[in-house]
Amino acid sequence: MSIIAAPRTWVSGEVVTATLVNTELRDQFQALRNAVNSSASTTVANTTTETVVAVYSIPAAQAAVGSIYRITAFGNISFLASTNLTWRLRIGGVAGTALATMGPTPASGTGQTFKEFHVRGNVVCLTTGGSGTWYADFHEIRNWTQAGSVGDVQLASSDGAITRDTTAANDLVLTAQWAAASASNTLTARQLVERFV
């Protein structure tokens, strides 16, 4: 198990009792449980700007080979007919390196209101260091198709290993971008969940 809470400093000659060990284990498991977060809602409307809808801040040097980070956003979306939407999973913030992209995808052949979406990215650290490498898979489940009546799925992944320094802090972000600005094109990520395993 990864140690993600500050470990206890043991004193030379100290008698390590069951109580001390139990407290340390409790603190580590509590820190692991707290690695799951939820964030405030984010709305992307009437803009063509690529906008962050979910973020997980990876501390410097936390990633180890095999570390997995998951970031999820789900909520409601409304749009005009034939609107295009692009989802991106990036490491290093909105200006950082793209791990995977879905779109631009036509949202629907007909306008829709208050449909549901669920987008998740899974990112694994392949190697560490200044030239650390990462790989991601990325998917969207949505409650519309071109006909606007049945659910649909999109899948994407990294095209090979993506290089990004693991010794520096990195924001893992999920972004949304409309192809056209309209007050009718709006999505709200009502619940965001981020997790490190």
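The values are calculated or read from the model by the stated rules, or taken from the named source; none is laboratory data. Because the structure is predicted, anything quoted here is derived from the model rather than measured. Cβ atoms come from the backbone with ideal geometry, glycine included; neighbour counts cover every protein chain shown.
Annotation: of all residues in the stretch 106-143 being of a type in the set (G, A, S) and under 19 Å from the mean Cα position of the chain (by Cα), the one that is farthest from L80 (Cα to Cα) is G132. Would you check if there is a residue in the stretch 126-142 being in contact (Cβ under 8 Å) with a residue 24 or more places away in the chain, in contact with a Cys (Cβ under 7 Å, 6 or more places away or on another chain) and at negative phi? So far as the stretch 126-142 goes, yes, one or more of its residues are in contact (Cβ under 8 Å) with a residue 24 or more places away in the chain, in contact with a Cys (Cβ under 7 Å, 6 or more places away or on another chain) and at negative phi.
Residues of the stretch 19-31 include none that is touching a helix residue (DSSP H, G or I) at 6+ places or on another chain (Cβ under 6 Å) and either surrounded by fewer than 16 Cβ atoms within 10 Å (Cβ to Cβ) or modelled with pLDDT of 80 or more (or both).
Given the criterion among the hydroxyl-bearing types (S, T, Y), at pLDDT 95 or above and either buried (at least 17 other Cβ atoms within 10 Å of the Cβ) or out of contact with any Pro (no Cβ under 7 Å at 6 or more places or on another chain) (or both), identify the matching residue among T110, T127.
That would be T127, the only listed residue that is among the hydroxyl-bearing types (S, T, Y), at pLDDT 95 or above and either buried (at least 17 other Cβ atoms within 10 Å of the Cβ) or out of contact with any Pro (no Cβ under 7 Å at 6 or more places or on another chain) (or both).
Looking at the stretch 144-197, the strands (runs of 3 or more DSSP E) lying wholly inside it that each contain 3 or more residues that are among the hydrophobic types (A, V, I, L, M, F, W, C) and at pLDDT below 85 sit at 186-196. Evaluation of F117 against the conditions (1) surrounded by fewer than 16 Cβ atoms within 10 Å (Cβ to Cβ); (2) part of a strand (DSSP E or B) shows that the sole unmet condition is (1).
For the stretch 163-197: of the residues being β-branched (V, I, T) and surrounded by fewer than 21 Cβ atoms within 10 Å (Cβ to Cβ), which is nearest to A63 (Cα to Cα)? This residue is T167.
With the condition kept exactly as written, say whether any residue in the stretch 91-103 is more than 15 Å from the chain's Cα centre (by Cα), at pLDDT below 90 and either more than 16 Å from T188 (Cα to Cα) or assigned to a strand (DSSP E or B) (or both). Yes, the stretch 91-103 has at least one match.
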